[in-house]
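The values are calculated or read from the model by the stated rules, or taken from the named source; none is laboratory data. None of these values were measured; they are calculated from a predicted model. Note that each Cβ is placed from the backbone with ideal geometry, even for glycine, and that neighbours are counted across all protein chains shown. To get the accessible areas, we keep the full protein, side chains included, count just its heavy atoms, and leave off ligands, DNA and RNA. Shrake-Rupley method; radii C 1.70, N 1.55, O 1.52, S 1.80 Å.
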Amino acid sequence: KAKAEGRSTYHFFETGMDAELQQRRSIEAGLRLAMSRNELRLMFQPLLGLDNNRVTCVEALLRWDHDDRTVSPAEFIPVAEETGLIVPIGEWVLQQACLAAATWPEDVRIAINLSPVQFRQKNLVAQVKAALVAARIDATRLELEITESLLLTDSETTIAALHELRAMGIRISMDDFGTGYSSLSYLRSFPFDKIKVDRSFMADIATRADSQAIIKAIIGLGQALGMTTTAEGVETEEQMAIVREHGVSEVQGFLFSPPLQPAALANLLHSDAAKKQLRQKAS
Ligand code: C2E
Ligand code: MG
Ligand code: MG
Ligand code: MG
């Protein structure tokens with residue numbers, strides 16, 4: 001009996017692998033055509049500064065409209081990275097996000113996610129410069145978000161590129177902080193401007209004292225290192241009150257705003273009524 005069970009388990013596993021592989025291949029094939037078919041677009045999620053209750057920054061988040069559905073970046077970014085397609089896609093994101101930011105008030109920054117694969121290109125810094133020049137926006141309005149995984153490999157050339165970008169006036173943020181292997185050591189490898197605390201810490205912050213202690217410690221760490229802190233994934237009033245009390249600089253999450261279509265975001269940034277509503281939400 002054990003043998004039969006073992007075999008059926010194995011069979012099940014194998015079928016599962018096949019389906020997954022097929023799914024990846026289909027994503028890969030579609031993704032190769034996505035750019036020429038104009039299937040990629042950006043959504044924009046505003047971040048709220050807690051000092052002054054206004055939008056300090058907007059994060060560009062990629063979407064792919066394919067086969068009657070919107071594919072999540074969690075699904076296609078890994079495939080784009082494996083195939084190298086993230087290089088042209090990432091350049092497009094840089095260009096489009098900077099062009100969008102050019103239409104916003106000047107005190108609002110644009111945050112763009114960069115994949116470690118993009119850092120393997122020799123000309124990443126030149127690419128970033130070109131995007132800023134083409135959109136005619138100042139380097140100080142740009143924030144680049146990277147994750148801990150970037151610093152795992154090629155760290156010398158990567159860190160040199162990060163220093164070059166930072167010397168231009170661009171801010172560098174550590175995204176999803178706390179999820180990697182040895183987050184703390186990465187904070188010594190580069191003078192980040194901002195730490196974005198991963199949203200997994202936010203989920204049970206209202207019910208667990210230990211999560212609250214961790215958030216508090218990260219915020220203190222950021223302050224000691226001269227880095228601002230952003231709480232990701234703030235969904236409830238209660239979470240907002242807690243992170244505010246602990247002195248977080250900025251919040252991002254569904255409570256304040258989900259990612260928005262470009263027009264809705266522009267409306268939020270430009271209309272006084274929307275701004276007033278936003279301040280009420282924040283207080
Ligand atoms: P991320 O950079 O950490 O972006 C924040 C993610 O959290 C976004 O997911 C956003 O929609 C989601 N989020 C924001 N507030 C809340 C909240 O209150 N609750 C919950 N449950 N989620 C919230 P999204 O748009 O699905 O993107 C997922 C990830 O894909 C991003 O995580 C980023 O790592 C990657 N990504 C997105 N766009 C790009 C891009 O242009 N280039 C690269 N390389 N990666 C990207
Ligand atoms: Mg991000
Ligand atoms: Mg993040
Ligand atoms: Mg994240």
Identify, from the list L33, L48, the residue that is in contact with a helix residue (DSSP H, G or I) (Cβ under 6 Å, 6 or more places away or on another chain) and either open to solvent by less than 30 Å² (accessible area, probe 1.4 Å) or free of Cβ contacts under 8 Å to residues at least 40 places away in the same chain (or both). L48
Looking only at segment 198-237, filter to residues that are of a type in the set (G, A, S) and within 12 Å of ligand 1 (Cβ to nearest atom); which one of those is farthest from F256 (Cα to Cα)? S200
Restricting to segment 88-117, name every residue that is open to solvent by 60 Å² or more (accessible area, probe 1.4 Å) and part of a loop (DSSP other than H, G, I, E, B). T103, E106, D107
Of all the helices (runs of 4 or more DSSP H) wholly in segment 139-233, which have at least 1 residues that are at pLDDT 90 or above and away from ligand 2 (no atom under 16 Å from the Cβ)? 155-167, 209-225
Which one of these does L144 not meet: (1) within 14 Å of the chain's Cα centre (by Cα); (2) open to solvent by 40 Å² or more (accessible area, probe 1.4 Å)? (2)
Of all residues in segment 195-209, how many are more than 20 Å from L152 (Cβ to Cβ) and either away from ligand 4 (no atom under 13 Å from the Cβ) or acidic (D, E) (or both)? 6
If you go through K196, K216, the only one that is open to solvent by 40 Å² or more (accessible area, probe 1.4 Å) and basic (K, R) is K216
Might you let me know whether segment 79-86 holds any residue that is over 16 Å from L165 (Cα atoms), part of a helix (DSSP H, G or I), among the acidic types (D, E) and within 16 Å of ligand 2 (Cβ to nearest atom)? yes
Output the number of residues of segment 243-271 satisfying the condition of being in contact with a Ser or Thr (Cβ under 8 Å, 6 or more places away or on another chain), within 19 Å of A101 (Cα to Cα) and of a type in the set (G, A, S). 1
